[in-house]
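Participant: Dropping a structure here in structure tokens format, bear with me for questions.
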Amino acid sequence: MISIRNVTKSFGRVQAVRDVSLQIRAGEFFSLLGASGSGKTTLLRMLAGFEAVTSGSIVIDGQAMESVPPHNRPINMVFQNYAIFPHLNVRDNIAYGLRRLNIPKPKQAEMVDEMLGLIALPGYGDRRANQLSGGQMQRVALARALILKPKVLLLDEPLGALDKQLREQMQLELRLLQQRLGITFVLVTHDQEEALTLSDRIAVMAQGAVVQVDTPTGLYERPQNRTVAAFIGTMNFFDAVVHRQGMPEVQVQGLGRRRLNGQDGGRPDGTAATVAIRPENLTLHSTQPGPGAVEGVVQAQQYLGGRQMLHVAIPGRTTPVAVAIQGPGDAFISSLSPGQNVWLTWKDDAVLLLDAG
Ligand SMILES: Nc1ncnc2c1ncn2[C@@H]1O[C@H](COP(=O)(O)OP(=O)(O)O)[C@@H](O)[C@H]1O
Ligand SMILES: [Mg+2]
């Protein structure tokens, strides 16, 4: 549906987007995820045609977009600050984009009613927009964009202005709406949880470039580098050095020498690397369970509702290691308190070797 080929955008000396290439499929819920300033909005605005590309090309639905103005693209856009008109009622806000299309009034009314049903606000047509809650306003903005039946809907941090509870509810609604309509959604967000729950695929952006494109599971389980691993979920990082004399191993800060099941990717002897382990892949023991276990001291316990995180200090390392416990934990876990000695183990296949940096 969307083909972005080597697109770069410069504002004077600032390169906002650097050589980005992406293929987005029809009907896909695709997200651009990255910290503030990583180039997400600029990329979205080039798709919408509000910004020209400096170099590269964009093809949407088989058509090169170079000389196509925004209103002729098969696309519509929803912004963070629901750009709806406060003095118009809901019905007129939703019908706004139909005005220049020469659609008979009764047909327009029918289309608006359909949209009011879709956004679960039937009967709200005559309300003034400034009498709505934030979540309702954002749904009206969605309806206004969707009534034109775009092939692609672009959403720039559309839930950013809502409080947490409403945001989570709207996330679910957005996903259901997208599935029902089968429209291609491209969402911009800096919220990794939002991207993970909503998307079929995610492009992680940093400093204007795409760092990795993958499914939510793929990004979580197989991050290609430290930037992605740090951005998605919680991760323990350990500095490491590859050793290739005899059996390939890594010397890991705080963990000693470790085998890495062929994960070293042929890195030469002496290469600096990063070892990454998710908190849920570490296990705590009250006594030494065997060779290879690492001794530490509980520093803090963090209750997260439904799960908890234990922070364990180990020698040779300044940052404590985070260990996740699902549910209430057993008698040993409940008995833990700061200052207590524990032993850590992990499954070798849960360890990722990434580039240093
Ligand atoms: N119109 C502009 N003029 C100059 N610099 C811009 C302009 N728009 C964006 N930038 C710069 O481009 C970079 C990317 O911005 P943006 O695409 O808004 O990032 P994001 O949406 O990921 O927060 C930033 O450094 C920003 O300051
Ligand atoms: Mg932005």
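Participant: Only residues that are touching a strand residue (DSSP E or B) at 6+ places or on another chain (Cβ under 9 Å), over 18 Å from R201 (Cβ atoms) and surrounded by fewer than 22 Cβ atoms within 10 Å (Cβ to Cβ): list them for segment 8-38, please.
Facilitator: If the condition is that a residue be touching a strand residue (DSSP E or B) at 6+ places or on another chain (Cβ under 9 Å), over 18 Å from R201 (Cβ atoms) and surrounded by fewer than 22 Cβ atoms within 10 Å (Cβ to Cβ), then T8, S10, Q15, A16, R18, D19, A35, G37 are the ones that fit.
Participant: Could you check how many residues of segment 211-233 are among the polar types (S, T, N, Q) and at pLDDT below 90?
Facilitator: 3
Participant: Say we look at segment 36-64 and pick out the residues that are under 15 Å from S21 (Cβ atoms) and in a loop (DSSP other than H, G, I, E, B); which of these is nearest to the chain's Cα centre (by Cα)?
Facilitator: G39
Participant: Among the residues of segment 191-229, which ones are within 16 Å of ligand 1 (Cβ to nearest atom) and in contact with a Ser or Thr (Cβ under 6 Å, 6 or more places away or on another chain)?
Facilitator: A195, I202, M205, A206, V211 - these are the residues of segment 191-229 that are within 16 Å of ligand 1 (Cβ to nearest atom) and in contact with a Ser or Thr (Cβ under 6 Å, 6 or more places away or on another chain).
Participant: Could you please let me know if G27 is within 16 Å of ligand 2 (Cβ to nearest atom), in a loop (DSSP other than H, G, I, E, B) and at positive phi?
Facilitator: Details: within 16 Å of ligand 2 (Cβ to nearest atom): no; in a loop (DSSP other than H, G, I, E, B): yes; at positive phi: yes.
Against the criterion (within 16 Å of ligand 2 (Cβ to nearest atom), in a loop (DSSP other than H, G, I, E, B) and at positive phi), G27 does not qualify.
Participant: Can you go through L22, L98, L33 and tell me which one is under 27 Å from V228 (Cβ atoms) and either outside any strand (DSSP E or B) or within 16 Å of ligand 2 (Cβ to nearest atom) (or both)?
Facilitator: Every option except L33 fails the conditions.
Participant: Also, I was wondering about something else. Could you tell me whether any residue of segment 33-44 is more than 16 Å from ligand 1 (Cβ to nearest atom) and either touching a Leu at 6+ places or on another chain (Cβ under 6 Å) or polar (S, T, N, Q) (or both)?
Facilitator: Looking through segment 33-44, none of the residues is more than 16 Å from ligand 1 (Cβ to nearest atom) and either touching a Leu at 6+ places or on another chain (Cβ under 6 Å) or polar (S, T, N, Q) (or both).
Participant: Follow-up question, since we're still on this one. Against the conditions (1) of a type in the set (S, T, Y); (2) part of a loop (DSSP other than H, G, I, E, B); (3) within 16 Å of ligand 1 (Cβ to nearest atom), where does Y124 fall short? Just the number, please.
Facilitator: (3)
Participant: Within the bounds of segment 287-297, is there any residue that is more than 31 Å from the chain's Cα centre (by Cα), among the hydroxyl-bearing types (S, T, Y), surrounded by 13 or more Cβ atoms within 10 Å (Cβ to Cβ) and part of a loop (DSSP other than H, G, I, E, B)?
Facilitator: Step one: of segment 287-297, the residues more than 31 Å from the chain's Cα centre (by Cα) are 287-297.
Among the residues that remain, those that are also among the hydroxyl-bearing types (S, T, Y) are: 287.
Subset that is surrounded by 13 or more Cβ atoms within 10 Å (Cβ to Cβ): none.
No, every residue in segment 287-297 fails to be more than 31 Å from the chain's Cα centre (by Cα), among the hydroxyl-bearing types (S, T, Y), surrounded by 13 or more Cβ atoms within 10 Å (Cβ to Cβ) and part of a loop (DSSP other than H, G, I, E, B).
The values are calculated or read from the model by the stated rules, or taken from the named source; none is laboratory data. From a predicted model like this one, the values you see are computed outputs, not experimental measurements. Don't worry about glycine lacking a Cβ; one is built from the backbone with ideal geometry, like all the others, and counts go over all protein chains shown.
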